[in-house]
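Read through the structure below, which is laid out as structure tokens, and then see the notes.
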Amino acid sequence: MGKITGFLEFDRKVEEYTPVTERVKHYKEFTLPMKEQELKDQGARCMDCGIPFCHSGCPLGNLIPDFNDAVYRGKWEKAAEILHATNNFPEFTGRLCPAPCEEACVLGINENPVSIENIEKNIAETAFNKGWVTANPPTKRTGKTVAVIGSGPAGLAAAQQLNRAGHLVTVFERDEKVGGLLRYGIPDFKLEKHIIDRRVAILREEGIVFRTGTHVGKDILATEIKDEFDALVLTGGATVRRELPIEGANLKGVVQAMDFLKQNNKRVDGVKELGKEIKATGKDVIVIGGGDTGSDCIGTSFRHGATSVSNFEILGKPTLERPSDQPWPFWPMRLRTSSSHKEGVERFFSISTKRFIGDSDGNLTGLITSEVEWIKEPGKRPQLIEIPDTEKEWKCELALLALGFTGTEMTIADQLGIKADMRTNIKASEADYMTNIPGVFVAGDQRRGQSLIVWAISEGRQAAYHVDTFLMGSSNLPLKGEGDLPRI
Ligand SMILES: Cc1cc2nc3c(=O)[nH]c(=O)nc-3n(C[C@H](O)[C@H](O)[C@H](O)COP(=O)(O)OP(=O)(O)OC[C@H]3O[C@@H](n4cnc5c(N)ncnc54)[C@H](O)[C@@H]3O)c2cc1C
Ligand code: SF4
């Protein structure tokens, strides 16, 4: 398994980026490829630790030491089979996953962990380049029909698994193109959209039907779909954005991050009718919210040619090191710096936006903040207090609200009589992913709330197993971490 002395011989290496001055001129991905020998050396760093905690760190249960070993030995096709056995879309996770597996890597206890995500991306790309990823339609059809509502990573994973089980799957999507947040949230510089198209072409060839531009609940009632199909999988995401209801929030220039990002992704895709233009060009931009969405707004603003970009986060600045109360192998809350952060943003922590200010025409001209402090007392939730006399005015013509999502839209749930939990996520347990309505299942952000691509794929796969069991009485589809080796 790997090279016994590999971790002593080779340092961690991942793909480097092209210089900032170059990459902000375009929307293409900007990583520099590694040589095959370098990738093999990285695979060799996997140290045969005995109990691979990375498996449990990965929500898919990816068979990480096995594909690392195959890469070390130059057996790329085998590596691709191992990877696809547990992950329908490693080309997405290999680019975009925050890699909780690496935080759980045994080598990571006192060394830099194995560069698992980067290896994963290179296995996936090698497999596509060599033509190993091809359509694999089922040999038999069951005659059962399944509707999947929402074409993000959860919906796509559920659809592929259910199609593999022989069911006829139709995916309903209200947007013009398939992909969910992969398509209209995440910018092209993190994921070029032909990467989605190439995968969707395979899914179509396998027999999955896509009905785009169809808003379930509006264009067609959810009850009609329920009557037409033998089972339903809801994978509509957590789309209700968190607002910032403070003075001046209606000013022109206070914009929800998703409006900004979606419009830009459509612009990059060549769409002409975009509605009212939202651009950062020549503006002082403040991105409020320090997560992935905020980071994507930062990179996009630089590509628009913003004068300056600042980023506010209400939470305190995390440490670079793993906090002592979040020990290995758990996912630690530590300071993460994305490629967009490295493009020149100024980041501010423990800062709260109190009000927006504007001119007589209703245009945003600035905002007022206060510094805040989080008081932690044992057994109590942390309390936010404002530090007196810390008010500050900032010049700003575009404020992007990247404050996360509060839950799911309830139209479909209301039409079907489905129950939501207190956070307005659709209620279904991990035991079977079924809602209170028999035959209606839910997966991804719509069940667990705003989360990650890797979790969406994982939930789509798990839900598919339970849908198949519901339809057929039992299922041969793999559950988490169980391989299904012959299929790429
Ligand atoms: C800007 C941004 C950047 C992100 N970056 C990362 C990242 O780098 N790494 C990472 O792991 N995660 C990232 N995430 C989170 C990740 O994208 C989500 O967790 C993931 O996409 C959830 O997948 P999903 O399939 O559950 O839902 P979604 O991807 O949200 O897909 C839901 C789909 O359902 C459709 N839909 C909803 N309602 C209906 C309806 N009534 N009828 C028809 N269609 C409907 C929607 O149009 C959408 O296409 C990011 C999120 C955002 C917003
Ligand atoms: S999907 Fe994410 S967590 Fe799983 S192995 Fe890949 S990078 Fe690691």
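The values are calculated or read from the model by the stated rules, or taken from the named source; none is laboratory data. Just so it is clear, the structure is predicted and the values come from calculations on it, not from any experiment. Every residue, glycine among them, receives a Cβ derived from its backbone with ideal geometry; neighbour counts consider all protein chains shown. When the accessible area is computed, the model is the full protein with side chains, heavy atoms only, and any ligands, DNA or RNA have been set aside. Shrake-Rupley method; radii C 1.70, N 1.55, O 1.52, S 1.80 Å.
Some notes on this structure:
- Residue match in segment 438-449 (condition: among the charged types (D, E, K, R), more than 7 Å from ligand 1 (Cβ to nearest atom) and more than 22 Å from M422 (Cβ to Cβ)): no
- Taken together, the residues in segment 26-52 that are surrounded by 11 or more Cβ atoms within 10 Å (Cβ to Cβ) and either closer than 30 Å to R303 by Cβ or modelled with pLDDT of 95 or more (or both) amount to 18.
- The residue that is least open to solvent (accessible area, probe 1.4 Å), among those in segment 140-176 that are among the basic types (K, R) and touching a residue at least 40 places away in the same chain (Cβ under 8 Å), is R164.
- Boolean, A428 is of a type in the set (A, V, I, L, M) and in contact with a Ser or Thr (Cβ under 6 Å, 6 or more places away or on another chain): yes
- Residue in segment 168-215 that is farthest from Y17 (Cα to Cα), counting only those that are among the aromatic types (F, W, Y) and under 15 Å from the mean Cα position of the chain (by Cα): Y184
- Only one of the numbered conditions (1) in contact with a strand residue (DSSP E or B) (Cβ under 8 Å, 6 or more places away or on another chain); (2) within 15 Å of ligand 1 (Cβ to nearest atom); (3) under 22 Å from A231 (Cα atoms); (4) of a type outside the set (A, V, I, L, M) is violated by F470, and that is (2).
- Condition met for P318 (open to solvent by 20 Å² or more (accessible area, probe 1.4 Å) and away from ligand 2 (no atom under 16 Å from the Cβ)): yes
- None of S451, S458, S475 is touching a Pro at 6+ places or on another chain (Cβ under 7 Å), within 20 Å of V148 (Cα to Cα) and at pLDDT 95 or above except S458.
- Residues in segment 269-300 that are open to solvent by 20 Å² or more (accessible area, probe 1.4 Å) and among the small types (G, A, S): G270, G275, G282, G290, G291.
Per-residue answers, yes or no, for (1) on the phi > 0 side of the Ramachandran plot; (2) away from ligand 1 (no atom under 16 Å from the Cβ); (3) assigned to a helix (DSSP H, G or I); (4) of a type outside the set (A, V, I, L, M, F, W, C):
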| residue | (1), (2), (3), (4) |
| --- | --- |
| M34 | no, yes, no, no |
| L39 | no, yes, yes, no |
| D66 | no, yes, yes, yes |
| H84 | no, yes, yes, yes |
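- Some residue of segment 81-101 being of a type in the set (D, E, K, R), without any contact (Cβ under 8 Å) to a residue 40 or more places away in the chain and more than 9 Å from ligand 2 (Cβ to nearest atom): no
- Qualifying residue in segment 478-485 (condition: surrounded by 17 or more Cβ atoms within 10 Å (Cβ to Cβ), at negative phi and away from ligand 2 (no atom under 16 Å from the Cβ)): no
- All helices (runs of 4 or more DSSP H) inside segment 180-268 with 1 or more residues being aliphatic (A, V, I, L, M) and open to solvent by 10 Å² or more (accessible area, probe 1.4 Å): 181-184, 194-205, 257-268
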